[in-house]
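Okay, structure first, notes after.
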Amino acid sequence: MRKMLSGNILLILLSCPILNTNAQVKISNSSGVINEESVLHLESAANNKGFLLTRIALQAADNAAPLASHTAGMIVFNTATAGTSPNNVTPGLYYNNGARWIKMTTKAPQTGDIKNGFQSADHNGWYLLNGRAVSTLAVNPRARATALGFSTNLPDASDRYLKNTNGPDSPGTAAGVNSFTLTQANLPNVTFSGTTNITGNHSHTYTDNPTTVASVASGNNNPVSNTASVDTNTDDSGAHTHTLSFSLGGTSQPVNLVPNNIITNVFIYLGT
């Protein structure tokens, strides 16, 4: 059975139950074919009418009230702001999954949102962060950029990673480098030890101390015998060290710190 209903007959329909479960129902202010796949077919001849859902004030996402119980597939328009996180509700369209209310939303970008993309130019209100002058933007995007604190230039995200603020630093500030140079303080506290090469047989020259002359010629740095005999040892020089130096072969080349990555462009949403 098919039923064609016009405006005033809808009131009769809503007050009288339809017992024939095989029926297709069409509510319209004009004649036309009923969609065979639909249980209920709504149509506006002038295409200027909408479908108004029941409007109720929900109390919380996990609370069926003001309905008696959760019913999977139930759809309502909530008019209330109520409940506490994570079960708070705000005005909007909700459906019920049999255990809780779930808001049906499509998130629109907000001014100041950031995204990565393979696009190479501005698009749909998204502006490439390339350090350009804010004055080159259209009037509305320019005002939104200024409201975000970018009164002179947009930030330049070229060759940079995004970093969350630590509190004191300001969003949009460019910082950091992709290389660094180690200093001695960065090295581990390790002591290297070893011995020098054996130089083979060799001798040290010295000036003998004659029995009758005890003086040493000025500027003579050779060791002096400690007795009158020439067959003896040189004077003890006391505690002393010998130095050893060797090259590490380094060239002070900075360490390049760029992890494996994939290249994208960074955009900020300023609208149109």
Original post:
Using a simple spin-label model with points 7 Å from Cα along the Cα→Cβ vector, what separation in nm is obtained for Arg132 and Asn166?
Top reply: 3.3
**OP:** Evaluate the distance, in nm, between pseudo-label points positioned 7 Å from the Cα of Ser31 and of Ala175 along their respective Cα→Cβ axes.
**Re:** 7.6
Original post:
Which order, highest average first, do 189-195, 68-74 follow once you tally other Cβ atoms within 10 Å for each residue and take the mean per peptide?
Top reply: 68-74, 189-195
Original post:
Under a plain spin-label model, where a point goes 7 Å from the Cα along Cα-to-Cβ, how far apart in nm are Asp113 and Thr152?
Top reply: 3.0
Original post:
For Val255 and Ala99 in one chain, what is 0.36 nm times their gap in residues minus the Cα-Cα distance, to one decimal in nm?
Top reply: 50.6 nm
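No lab work stands behind these numbers, since they all come straight from the coordinates. This structure is a prediction, so every number in the text was calculated from the model and none was measured. Note that each Cβ is placed from the backbone with ideal geometry, even for glycine, and that neighbours are counted across all protein chains shown.
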